[in-house]
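Only one structure is covered here, and it is reproduced in the block below.
The values are calculated or read from the model by the stated rules, or taken from the named source; none is laboratory data. These numbers were taken from a predicted model, which means no experiment stands behind them. All Cβ positions, glycine included, derive from the backbone under ideal geometry; neighbour counts span all protein chains shown. In case anyone asks, the SASA skips ligands and DNA or RNA and just uses the protein heavy atoms, side chains included. Shrake-Rupley method; radii C 1.70, N 1.55, O 1.52, S 1.80 Å.
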Amino acid sequence: MEPKMIELHSEADTAEIARALAALIQEFRHNSIKIYLSGDLGAGKTTFSKYFLTALGVNETIKSPTYTIIESYQAGDIAVDHIDLYRIHEEDLYDLGFLEDDHKVWLIEWPEKGGDSLPAPDLLLSLERDEFLTMHLLPETELGQQVLSALNV
């Protein structure tokens, strides 16, 4: 499956890709998709997540799940769990309860902390900050490939 690389030169660029991805989730009615966000501290994972959730239609204040670990939202008929695994050890993953409910959109930051206990994502977004932010979009499933193929950015 072919990855896609996008250069994000501003926060507006990040917002644009987040809105485009959210629009595809809504258009294709993908209410059970796993999107993982990987990257160093400050790379833009939470910023992307906030724009994505807003674009899906979340009307409440969007909080970073850094300390709460999971923030759950409802965007119309789409349920979303925004999860931050930065402070989690793999053996504690099962205590969080979200693994049993995969009929949601999962937006997971720091998926590498989940190790082998976390199922494969449909789409992995890897963020790297250098002169500008680069996002690598890597489809890991047929669903991820379908979404990535339809993404026009």
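Loop-located trypsin sites (Lys or Arg not before Pro) in the stretch 59-109 (DSSP state not H, G, I, E or B) with no more than 16 neighbouring Cβ atoms inside 10 Å: Lys63, Arg87. Contact order for the chain, expressed relative to its length and based on alpha carbon pairs under 8 Å spaced 6+ residues apart, stands at 35 percent.
Expressed as a whole percent, the accessible surface of the stretch 1-105 that belongs to carbon and sulfur atoms is 47, based on a 1.4 Å probe. Summed over the residues of the chain and divided among them, the accessible surface reaches 50 Å² per residue at a probe radius of 1.4 Å.
Excluding same-chain neighbours fewer than eight residues apart, the lysines reachable from Lys104 by a Cα-Cα span under 21 Å are Lys34, Lys45, Lys50, Lys63, Lys113.
Helices in the chain, meaning DSSP H runs of at least 4 residues, each add -39500 (n - 2.57). Divided by all residues, the mean residue ellipticity at 222 nm is -8000 deg cm²/dmol.
Screening the chain for whole DSSP H helices with an alpha carbon extent of at least 20 angstrom along the helix axis and a mean Kyte-Doolittle hydropathy of at least 0.0 yields 11-27.
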